[in-house]
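A quick write-up on the structure given underneath.
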């Protein structure tokens with residue numbers, strides 16, 4: 001059974017095609033989707049709207065494909081970081097409860113190719129793209145899964161580097177026939193990959209967040225090597241063009257580093273390059289990780305940046321840190337876990 005491919009993670013189109021290939025009407029695929037995503041069955045036997053023969057055929061051909069987390073770390077502030085086995089390695093998902101929302105920060109890759117100086121996941125290097133099943137399993141097998149109000153693709157990996165699986169997972173996550181989470185409650189974060197970004201906007205309606213971190217292209221290159229391939233001016237140019245016809249919410253993720261990107265000069269340039277975009281800047285505290293010389297800006301610097309941006313007509317907020325005591329910076333727990341067998345209980 002363990003070697004059978006997972007059924008959970010297939011799109012409605014794939015399930016309807018499967019039904020037809022097995023000699024059934026396409027609507028049988030809709031029934032399978034309803035069991036997988038809406039009723040959240042835990043076995044094929046629970047799909048009682050299907051014939052016994054079809055249930056047995058499904059069980060002989062597929063596994064359901066649900067994998068529980070191997071470990072959970074709990075923070076004093078209620079944040080939980082779950083470790084999931086995936087692709088023979090490990091990935092992390094962070095559950096962040098708040099007064100009016102329950103958010104899951106999920107991963108799209110094992111490791112990452114982008115090599116950002118401030119990211120622990122990048123220091124792992126790249127191991128694998130997550131399948132649609134492995135992306136959505138972080139939601140489905142989360143103990144708090146039914147409580148989720150928001151999902152953000154801001155965990156391990158660059159979502160647009162795993163474009164097709166990211167898009168399929170978004171389809172299942174937001175579709176009425178799928179998990180049914182509203183597109184306004186889902187955000188994908190990217191450092192800006194073209195032309196993948198164009199495909200994302202053409203095929204998905206969820207929100208988008210650009211990881212910017214420095215408004216000067218030469219300085220951004222020092223902390224985000226992707227700048228060598230995908231110029232910030234090109235990315236922002238595309239976003240300004242698409243926003244003329246696409247009204248979805250955009251945000252800018254900006255980790256503040258002491259003396260590196262938190263000066264009045266950086267604020268002035270941010271205002272200039274973001275002119276014409278309807279966005280909000282999220283200023284993010286940086287908590288030092290092993291192997292990087294960067295230090296986080298202090299509270300006073302963050303407040304100065306927020307106030308200066310807002311005064312110049314660029315809405316800005318300071319994101320509250322969560323889960324600091326459990327090293328909620330993505331990649332720390334999984335890096336340790338990579339050194340251990342998947343079956344080990346740690």
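A few comments on the model shown:
- Residues that are assigned by TED's automatic domain parsing to the domain that holds residue 239, part of a loop (DSSP other than H, G, I, E, B), without any contact (Cβ under 8 Å) to a residue 60 or more places away in the chain and loosely packed, with under 15 Cβ neighbours inside 10 Å occur in the range 297-309; there is at least one.
- Filter pass, residue 78 being part of a loop (DSSP other than H, G, I, E, B) and touching a helix residue (DSSP H, G or I) at 6+ places or on another chain (Cβ under 8 Å): no
- Looking across the range 158-187, the residues that are without any contact (Cβ under 8 Å) to a residue 60 or more places away in the chain, in a helix (DSSP H, G or I) and either surrounded by 17 or more Cβ atoms within 10 Å (Cβ to Cβ) or at positive phi (or both) come down to 159, 160, 161, 162, 163, 165, 166, 167, 170, 173, 174, 185.
- The set of residues from the range 235-254 being closer than 22 Å to residue 157 by Cβ and more than 20 Å from the chain's Cα centre (by Cα) comprises just one member, 238.
- Residue match in the range 145-154 (condition: in contact with a strand residue (DSSP E or B) (Cβ under 9 Å, 6 or more places away or on another chain), buried (at least 24 other Cβ atoms within 10 Å of the Cβ) and in contact (Cβ under 8 Å) with a residue 40 or more places away in the chain): yes
- Evaluation of residue 214 against the conditions (1) assigned to a loop (DSSP other than H, G, I, E, B); (2) touching a strand residue (DSSP E or B) at 6+ places or on another chain (Cβ under 7 Å); (3) buried (at least 21 other Cβ atoms within 10 Å of the Cβ) shows that the sole unmet condition is (2).
- Subset of the range 119-142 [crowded, with 19+ Cβ neighbours inside 10 Å and assigned to a loop (DSSP other than H, G, I, E, B)]: 119, 130, 131, 142
- For the residues 192, 259, the requirement of being in contact with a helix residue (DSSP H, G or I) (Cβ under 6 Å, 6 or more places away or on another chain), on the phi > 0 side of the Ramachandran plot and assigned by TED's automatic domain parsing to the domain that holds residue 321 singles out 192.
- All conditions in (1) at pLDDT below 95; (2) touching a strand residue (DSSP E or B) at 6+ places or on another chain (Cβ under 9 Å) hold for residue 69, with the sole exception of (1).
- Residues in the range 104-117 that are surrounded by fewer than 21 Cβ atoms within 10 Å (Cβ to Cβ) and either touching a strand residue (DSSP E or B) at 6+ places or on another chain (Cβ under 7 Å) or not in a loop (DSSP other than H, G, I, E, B) (or both): 1 in all.
- Filter result for the condition that a residue is within 20 Å of residue 18 (Cβ to Cβ), part of a loop (DSSP other than H, G, I, E, B) and in contact with a helix residue (DSSP H, G or I) (Cβ under 9 Å, 6 or more places away or on another chain), over 50, 36: 50
The values are calculated or read from the model by the stated rules, or taken from the named source; none is laboratory data. What you see is a predicted model; the values in this text were computed from it and never measured. Don't worry about glycine lacking a Cβ; one is built from the backbone with ideal geometry, like all the others, and counts go over all protein chains shown.
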